[in-house]
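Here is the structure we will look at, set down as structure tokens.
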Amino acid sequence: MMRVVAFDVGETLIRDDRGWGAWADWLGVNRHTLSALVGAVVARGRDNSDALRLVRPGIDIEAERAAMERAGQGEFLDESDLYPDVRPSLTALRAAGMRVVVAGNQTVRAGELLRALELPVDGLATSGEWGVAKPDPEFFARVVELAGAPAGEVVYVGDHPQNDVVPARAAGMRAAHLRRGPLGHLWAESDAAQVADYRFTNLSELVDALRL
């Protein structure tokens, strides 16, 4: 029986459009161009941040992120960045007696912005706060700690088979693959996605399955 549902963030709870648009504007490249480059590197199994390195070889991403913050163009999230099924699904899971936590590959600032949204969750953390990122096994060990339950009673939900599904299963958790966003669609039929315990196209389907 699942007692805890742990959620990834990008393209699971929030759209990534705003963030990539901000990067395109900052680097002086057409938004469509950067979006296409993100798709290209993802299709090759590379980290999506490599798209920034194609636009500006040798870029120091953290230094540029800090410069964006100083210029008033830093990270920003509001209610419009959430997928419409997020609040009702998280609320429904908690109403069913499940603990709900959030843990994804985001910055410390993103963690602050997510908390400001006051999502109906019992815990929230980011890789920036932990100092370790997916798919590192230590990240998923931290997820289990945040869940406050044995790994076998936790299901991790994410769009990226290699970063979410495979390492969650390796950590002893159940895994749910969400066919959402570029990664979720591109790798939906991959071998990595096939090892998921659950496969869905929206969070309401996940809620219905877990409440059975």
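Laboratory data are not the source of any read-out in this text; all were calculated from the coordinates shown. Note that the structure is predicted; figures quoted are calculated from it, not measured. With ideal geometry, Cβ positions are generated from the backbone for all residues, glycine too; neighbour counts draw on all protein chains shown.
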**Study point:** Alpha-carbon centroid distance for the pair the range 81-146 / the range 173-212, whole angstrom
**Key:** 17
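Rounded, prolate or oblate: which fits the range 62-143, taking a ≥ b ≥ c as square roots of the Cα gyration tensor eigenvalues, rounded meaning a/c under 1.5, else prolate when a/b beats b/c?
Working: a/c = 2.96, a/b = 1.36, b/c = 2.17.
Oblate.
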Point to revise | Check: the range 123-174 dipole with +1 on Lys, Arg Cβ and -1 on Asp, Glu Cβ, in debye | key: 120
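With both partners inside the chain, how many of the DSSP beta bridges are antiparallel, as a percent to the nearest 5? Before the final figure, lay out the partial values.
Numbers: 1 of 21 bridges.
The answer is about 5 percent antiparallel.
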Check your understanding: Once both axes come from the Cα atoms, what is the angle between helix 17-27 and the longest principal axis of the chain, in degrees from 0 to 90, rounded to 10?
Key -> 20
Point to revise | Diffusion coefficient, µm² s⁻¹, Stokes-Einstein with Kirkwood Rh over alpha-carbon pairs of the range 113-212 at 25 °C and 0.890 mPa s | key: 175
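Ratio to report: Rg/Rh of the range 84-125, with Cα atoms as the point set and Rh obtained by the Kirkwood method; give two decimals. Please list the in-between numbers first.
Details: Rg = 10.7 Å, Rh = 10.8 Å.
For the range 84-125, the value is 0.98.
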Revision key, fill the gap. Rounded to the nearest 10, the angle in degrees between the Cα long axis of helix 31-43 and the longest principal axis of the Cα atoms of the chain comes to 50
Check your understanding: What angle do you read, to the nearest 10 degrees and between 0 and 90, between the alpha-carbon axis of helix 61-70 and the longest principal axis of the chain?
Key -> 80
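Counting alpha carbon pairs within less than 8 Å and at least 6 residues apart, what relative contact order, in whole percent, applies to the chain? Present the calculation step by step, with values, prior to reporting the outcome.
On the way: 345 pairs, mean separation 50.0, N = 212.
Computed value for the chain: 24 percent relative contact order.
Based solely on its DSSP helices, what 222 nm [θ] is calculated for the chain when runs of n ≥ 4 H residues each add -39,500 (n - 2.57) and the sum is averaged over all residues, nearest 500 deg cm²/dmol? Walk me through the intermediate numbers first.
Details: 12 runs with 97 residues, N = 212.
Estimated from H runs of four or more residues: -12500 deg cm²/dmol.
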Exercise for review: Towards the positive end of the charge dipole of the range 87-173, with charges on Cβ (+1 Lys, Arg; -1 Asp, Glu), say which of 96, 128, 172 has the farthest Cα.
Suggested key: 96
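With +1 on each Lys and Arg Cβ and -1 on each Asp and Glu Cβ, how big is the dipole of the chain about its Cα centre, in debye rounded to the nearest 20? Please report the intermediate quantities before stating the final value.
Working: 23 positive and 31 negative charges, 48 e Å.
It works out to roughly 240 debye.
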